[in-house]
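Only one structure is covered here, and it is reproduced in the block below.
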Amino acid sequence: MINRNKIRSNILELCSEDAYGSWEFWSSSEGKTEEQAIEIVDTLAELVNAGELNCLKYNSTDNTYTPTVLNKGKLRKELLASMQQVENPGVINSDEFYWFESTDKGKEEDRLARS
């Protein structure tokens, strides 16, 4: 059984320091089921829509992150690809994935959840 609150809490914790926490999220995707991936995508979208996460894209030319609009279909494909990375190394380019960072609202939820 999938615990949406646990997923939410894990995402906020990983993204509360900076966008690089997203990398930990993507790199820890292996071993998840497709059902879990869908829950993660839905939770990320909820957090973005609630103003608790900023959705970003990475600019490799200057190593910066800029705001972007979240497309759930693209996010789902990214997550499913990251889950298969172990079996097919080099298939994905994580620099092109969405990155996330917590807003002040998301950081506050994370802080309260951990206290």
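The values are calculated or read from the model by the stated rules, or taken from the named source; none is laboratory data. Every value quoted in this text rests on a predicted model; they were computed, and no experiment measured them. Cβ coordinates were reconstructed from backbone atoms using ideal geometry, including for glycine residues, and neighbour counts include every protein chain displayed. These area figures cover heavy atoms from the full protein model, side chains too; ligands, DNA and RNA do not enter into them. Shrake-Rupley method; radii C 1.70, N 1.55, O 1.52, S 1.80 Å.
Any chance you could count how many residues in segment 14-65 are part of a helix (DSSP H, G or I) and either at pLDDT 90 or above or closer than 19 Å to Ala81 by Cβ (or both)? Let's see the steps before the verdict.
Here is the first cut: in segment 14-65, the ones part of a helix (DSSP H, G or I) are 14-15, 21-27, 34-49.
Next, from what is left, pick out any that are either at pLDDT 90 or above or closer than 19 Å to Ala81 by Cβ (or both): 14, 22-27, 34-49.
Qualifying residue count for the region: 23.
Would you check which residues across segment 69-102 are modelled with pLDDT under 95 and in contact with a strand residue (DSSP E or B) (Cβ under 7 Å, 6 or more places away or on another chain) and list them?
Within segment 69-102, Leu75, Glu78, Asp95, Tyr98, Trp99, Phe100, Glu101, Ser102 qualify.
Going through segment 34-65 one residue at a time, which ones are touching a helix residue (DSSP H, G or I) at 6+ places or on another chain (Cβ under 9 Å) and hydrophobic (A, V, I, L, M, F, W, C)?
Ala37, Ile38, Ile40, Val41, Leu44, Ala45, Leu47, Ala50, Leu53, Cys55, Leu56
Only residues that are open to solvent by 50 Å² or more (accessible area, probe 1.4 Å) and touching a strand residue (DSSP E or B) at 6+ places or on another chain (Cβ under 6 Å): list them for segment 41-56, please.
Of the residues in segment 41-56, the ones open to solvent by 50 Å² or more (accessible area, probe 1.4 Å) are 46, 49, 54.
Correct list: Asn54 only.
I'd like the full set of residues that are in contact (Cβ under 8 Å) with a residue 24 or more places away in the chain and surrounded by fewer than 22 Cβ atoms within 10 Å (Cβ to Cβ), limited to segment 99-109. If you could, list the steps in order and put the result at the bottom.
Of segment 99-109, the ones in contact (Cβ under 8 Å) with a residue 24 or more places away in the chain are 99-103, 105-107, 109.
The answer is Glu101, Thr103, Lys105, Lys107, Glu109.
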